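Working notes, structure below.
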Ligand SMILES: [Zn+2]
């Protein structure tokens, strides 16, 4: 079904489509995953019994812990890959597929080759976890067609015009953001510079390219975009063609949006839309806003999203909770009832106020649960601190140019209490004492703690966060020595 049709179905039609997809996927595909065969056997569950979104609630949750490699079991994530063999195919494949296989055999063709297109992982992405070992997520050739389809939908949802020139400023790496932009632009035939980001092509050339190619669209990590925009302003560049800044990888607050828009005016870009995506490596694609005000538009034929409370019970539409993801139409690595650790305000099933699309929409503001860490700020007890709060708070402060949060031990002594050090590069001409009071007031009210604020110049902070040298900005670093 094409995206314009799919994205305007009625709620009942979407539900029927998802129920059909769940039935098919659980009956005919999921048994090919060693992990889920074990899980279903352990819980006495039958694949054929999961026929709709209600039945899905019988299936236990999965999480990063099931998937992420450990030193003892580095190949853990491989069990999530669909790996059919002759026996499993006979047992689980639908009749239509068995017939196709038979026809291959009759024609004297190689059945193994035939199945390879659908199942063999040929493209890998990795997670960019701060702590855990990176997890591999595999795409088969069929999945590469699927990711292209979802990538096109992403650009169509934003209404990127077909004459747009795109600069892909995401870092070149086996990560979703760079490749999704590549798949979208190449399959929509948009003229695109796949720059590879500051580490590959270099910031001066990217700034130049946005001007000279008259780029209408830039895709980037928000912090890096802010960095190149600030440089462009200093060099009095003309980015007046820029209509879309598309962000991925980090959260974007309203304060940060406002700050970016102010700077954009100085390079002649007065009507740039700032649109953000939501993605997770395990979900294999990303979802986007259609306008700055809306949530993320999902693909109901590719995945099923549900929201659960802290007891794991599914909550009704528009109720807050943790977002849980289930693959419906992927091969390679697949996830079922995967707890994303992302807390959302709710999932809406109503037609979008802006574009009228009827696909399930994930609310705009997302909090990452894994960013809540325990600290021993006093010798008395550990305290839970939401590090997630620092990002929007500091990104949105107009007088802060750049920042980095360091978690350390007092005197670098492993037996001492923890301390938070916030390195801040203020805007030129700003009174630092006033600024640090203001920061501490806000940090205290948002997180309940205080940080030691240290003034640094812009160059120093840029080098601390590795803006030009790292794949991912080091915004929050944990330098606590191990006891
Ligand atoms: Zn919309």
Of the residues that make up the stretch 201-217, is at least one in contact (Cβ under 8 Å) with a residue 40 or more places away in the chain, assigned to a strand (DSSP E or B) and touching a strand residue (DSSP E or B) at 6+ places or on another chain (Cβ under 9 Å)?
yes
Within the stretch 154-189, track down each residue that is within 16 Å of the ligand (Cβ to nearest atom), closer than 23 Å to residue 211 by Cβ and out of contact with any strand residue (DSSP E or B) (no Cβ under 7 Å at 6 or more places or on another chain).
155
Quick check, is residue 109 outside any helix (DSSP H, G or I) and without any contact (Cβ under 8 Å) to a residue 24 or more places away in the chain?
yes
Answer residue from the stretch 368-400, given it is part of a helix (DSSP H, G or I) and in contact with a strand residue (DSSP E or B) (Cβ under 6 Å, 6 or more places away or on another chain) and is modelled with the lowest pLDDT among those:
370
Yes or no: the stretch 119-131 includes at least one residue that is modelled with pLDDT of 95 or more, surrounded by fewer than 12 Cβ atoms within 10 Å (Cβ to Cβ) and either more than 32 Å from the chain's Cα centre (by Cα) or not in a helix (DSSP H, G or I) (or both).
no
Looking at the structure I just gave you, is residue 170 closer than 17 Å to residue 223 by Cβ and touching a helix residue (DSSP H, G or I) at 6+ places or on another chain (Cβ under 8 Å)?
yes
Could you run through the stretch 82-106 and say how many residues are part of a helix (DSSP H, G or I), without any contact (Cβ under 8 Å) to a residue 60 or more places away in the chain and within 18 Å of residue 24 (Cα to Cα)?
8
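Can you give me the ranges of the strands (runs of 3 or more DSSP E) entirely in the stretch 135-200 with at least 1 residues that are without any contact (Cβ under 8 Å) to a residue 60 or more places away in the chain and over 28 Å from residue 354 (Cβ atoms)?
191-194
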Is it the case, given these coordinates, that residue 443 is under 30 Å from residue 174 (Cβ atoms) and buried (at least 19 other Cβ atoms within 10 Å of the Cβ)?
no
So, in the stretch 72-81, exactly how many residues are touching a residue at least 24 places away in the same chain (Cβ under 8 Å) and in a loop (DSSP other than H, G, I, E, B)?
1
Can you find even one residue in the stretch 252-269 that is touching a strand residue (DSSP E or B) at 6+ places or on another chain (Cβ under 6 Å) and under 29 Å from residue 53 (Cβ atoms)?
no
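The values are calculated or read from the model by the stated rules, or taken from the named source; none is laboratory data. Since the model is a prediction, treat every value here as computed from it, not as a measurement. Cβ coordinates were reconstructed from backbone atoms using ideal geometry, including for glycine residues, and neighbour counts include every protein chain displayed.
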